[in-house]
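Asker: The structure's right below; bear with me while I get my questions together.
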Amino acid sequence: MIGNKSGIAFFFLAPALLAIAIFFFIPVIAAFLISFTDFDIYTLGNFSTIRFIGLKNYLELFKDDLFWTALGNTFLFVILAGPLSIFVSLYAAIILNSKIVKLKALFRLSYFMPVVTTLVAVAIVWRFIYHPNFGIVNYFLSLFGISSVDWLGNPDLALPSIVLMAVWKNFGYNMIIFIAGLQNIPEELYEAANIEGANNWQKFKSITIPMLMPTTIFISIITMIGYFQLFAEPYVMTQGGPLNRTLSIVQYMYQEGFRWWNMGYSASIAFVLFFIIFIGTMIQFRVQKYLSSK
Amino acid sequence: MKKIFIHLLLFVIAILTLFPFFWMISASFMQDGHASVFPPRFIPDEFTLTQYQKLFERLSITSNFFNSLFLSVLVTVISLTFNSLAGYAFAKYKFSGKEKLFNVLLSSMIIPSQVTMLPLFLMLKSMGFINTYMAIIIPGLANIFGIFLIRQFCLSIPNSLIEAARIDGANDFYIYIKIILPLLTPVLATLAIFTFLGTWNDFLWPLIVLTDDSMYTLPVALSNLMLEHSKDPELMMAGSLITVLPVIIVFLALQKYYIKGIMMGSVKE
């Protein structure tokens, strides 16, 4: 510390903290309040028509089939894409971290390329890759005699197809964090295990997995938070269809709020999303505490 | 044997990750209709720039490109300034309630940005900022992750350095500009690439607040173009390439800092 100079500290902090207070914290509180009102398109024109309606928006959500559909789709997406991306990134990290690998930097770079590129642009690329008539995926399958599949048009396949695209897009990010985690495991642990004659699987199970646990929890939290906010992939690839089978919570919030201007209702959807993310994060923190106490 | 197998596997994964980019580039140089045939062509039979001509001459992609570039650079510069000042203060100054304030900021990172979007939209609307650059700049002025990253880095700067400068009579602002900022270069590079890519790639917020074709950023323009041109893969691939090329260039130039930033961000408090 360099002394008690609150005045100067305030001067340094003010621009950022004011911006965050006015354009982040106040909107969060305002959204919470709006979620208890009937803010709609008429309110937008004449603010005095706003009415406080208590929990009505939230109760309404319970009865809203489309909301449950969006919630179910989003959960399915998180449950499928979350573990799959974590598994793929861990696998890629382990083989990339192996000592015998040459050209590591080049491989790492190519696995990372999808992470940095614009989601909307690559979602468009994938929409054509999945195309039922001329898509590359169907071409590849046709080489094995499998007939054309309408990946994004089939209600049962659309969401899993988006899951695969999301895993492709994101695994490189977690891979980098896993590599950092792997490099932090002391080499002596493996050497000691070698002396005791442990095989690769035993070493993986009793050294790598437990030592990577904090990294894995961190990754599963950020992955879950990110995936619950699913929006651009279905917006670009399926517009939420077919039969609303890829409609996500955020897209439903967007439609209610910014297409139909049901802002009170939309705010309540946003808070349900926040609540789910909050609970999900807390559960994983608990798991981490439990595991580290063992 | 094991060595060959591992490299083969790595090579196959690399093909899977890069193939969509290869096809995007290739299809963007094809004539109309040449990318929508079965079996697919992987290389254009006749190399053409038609798609790019269409995008730049008939469609407003030039202004979309400059919107994206201008906003990404501006947001990066402003938020780097604000975040570095605040991060430095959190690391090196004493004031009452500091820990509490910092913890409140950190824990609020769990709030998804979608929660703020409705009121923020109403606020910006009342200020007359909808469909202007300000609508993108304002929410990007400062961010908590940036402050956190700068603070972590500042903690490793020895206090003696700052004290020595103070004994020499340097004032706090001078110390920040002349001593701290140069030391922060690596973390500023990290944050710059995060912010630049984040702003460039952002979709939902620009989709909400930008309402004119000429004001759109590239991702919004692209998704809008897709509505009319869903049967023109060649044109859409050219648009996608224009959108991803700048971020790939920035990433390749600064990848070292980007990778470091991910690792720093993942270090537990």
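Asker: Is it true that residue B:62 is touching a helix residue (DSSP H, G or I) at 6+ places or on another chain (Cβ under 6 Å), in a helix (DSSP H, G or I) and not basic (Lys, Arg)?
Answerer: yes
Asker: Only one of B:95, B:82 is within 7 Å of chain A (Cβ to nearest Cβ) and in contact with a Ser or Thr (Cβ under 8 Å, 6 or more places away or on another chain); which?
Answerer: Sole residue among the options that is within 7 Å of chain A (Cβ to nearest Cβ) and in contact with a Ser or Thr (Cβ under 8 Å, 6 or more places away or on another chain): B:95.
Asker: For segment B:42-52, what are the residues that are more than 27 Å from the chain's Cα centre (by Cα) and part of a helix (DSSP H, G or I)?
Answerer: B:50
Asker: Return yes when residue A:278 is at the interface with chain B (Cβ under 10 Å from one of its Cβ atoms), surrounded by fewer than 17 Cβ atoms within 10 Å (Cβ to Cβ), modelled with pLDDT of 95 or more and under 16 Å from the mean Cα position of the chain (by Cα) and no when it is not.
Answerer: yes
Asker: Also, quick follow-up: For segment A:186-260, give me every one of the helices (runs of 4 or more DSSP H) that falls completely inside it and has 3 or more residues that are in contact with a Gly (Cβ under 6 Å, 6 or more places away or on another chain).
Answerer: By residue number, A:213-228.
Asker: Looking only at segment B:92-115, how many residues end up being surrounded by 20 or more Cβ atoms within 10 Å (Cβ to Cβ) and touching a residue at least 12 places away in the same chain (Cβ under 8 Å)?
Answerer: 3
Asker: Would segment A:160-172 turn up any residue that is charged (D, E, K, R) and free of Cβ contacts under 8 Å to residues at least 40 places away in the same chain?
Answerer: Checked segment A:160-172: no residue is charged (D, E, K, R) and free of Cβ contacts under 8 Å to residues at least 40 places away in the same chain.
Asker: Name the single residue, out of those in segment B:217-245 being more than 9 Å from chain A (Cβ to nearest Cβ) and among the polar types (S, T, N, Q), that is surrounded by the most Cβ atoms within 10 Å (Cβ to Cβ).
Answerer: B:217
Asker: Output the residues belonging to segment A:221-258 that are of a type in the set (S, T, N, Q) and either away from chain B (no Cβ under 11 Å) or within 16 Å of residue A:158 (Cβ to Cβ) (or both).
Answerer: Scanning segment A:221-258 gives A:223, A:238, A:239, A:244, A:246, A:248, A:251, A:255.
Asker: Looking at segment B:227-241, is at least one residue in contact with a helix residue (DSSP H, G or I) (Cβ under 7 Å, 6 or more places away or on another chain), farther than 20 Å from residue B:22 by Cα and without any contact (Cβ under 8 Å) to a residue 60 or more places away in the chain?
Answerer: Yes, because at least one residue in segment B:227-241 is in contact with a helix residue (DSSP H, G or I) (Cβ under 7 Å, 6 or more places away or on another chain), farther than 20 Å from residue B:22 by Cα and without any contact (Cβ under 8 Å) to a residue 60 or more places away in the chain.
Asker: Here is a further query. Assigned to a helix (DSSP H, G or I) and either in contact (Cβ under 8 Å) with a residue 40 or more places away in the chain or more than 10 Å from every other protein chain (Cβ to nearest Cβ) (or both): does that describe residue B:56?
Answerer: It is true that residue B:56 is assigned to a helix (DSSP H, G or I) and either in contact (Cβ under 8 Å) with a residue 40 or more places away in the chain or more than 10 Å from every other protein chain (Cβ to nearest Cβ) (or both).
Asker: Something else about it: Taking residue A:241 and the conditions (1) touching a residue at least 24 places away in the same chain (Cβ under 8 Å); (2) buried (at least 23 other Cβ atoms within 10 Å of the Cβ), which numbered condition does it fall short on, given that it satisfies the others?
Answerer: Every listed condition holds for residue A:241 apart from (2).
Asker: Right, here's the next one. Need the failing condition index for residue A:102 against (1) among the basic types (Lys, Arg); (2) under 29 Å from residue B:5 (Cα atoms); (3) assigned to a helix (DSSP H, G or I), just the number.
Answerer: The number of the failed condition is (3).
Asker: Now for a separate question. Given (1) modelled with pLDDT under 95; (2) assigned to a helix (DSSP H, G or I), where does residue A:162 come up short, assuming only one miss?
Answerer: (1)
Asker: List the helices (runs of 4 or more DSSP H) that sit entirely inside segment A:1-65 and contain at least 1 residues that are within 7 Å of chain B (Cβ to nearest Cβ).
Answerer: By residue number, A:6-20, A:26-34.
Asker: For segment A:261-276, which positions are of a type in the set (A, V, I, L, M, F, W, C), touching a helix residue (DSSP H, G or I) at 6+ places or on another chain (Cβ under 9 Å) and part of a helix (DSSP H, G or I)?
Answerer: A:263, A:267, A:269, A:270, A:271, A:272, A:273, A:274, A:276
The values are calculated or read from the model by the stated rules, or taken from the named source; none is laboratory data. For clarity, every value in this text was computed on a predicted model and none was experimentally measured. Backbone-built Cβ (ideal geometry, glycine too); neighbour counts: all protein chains shown.
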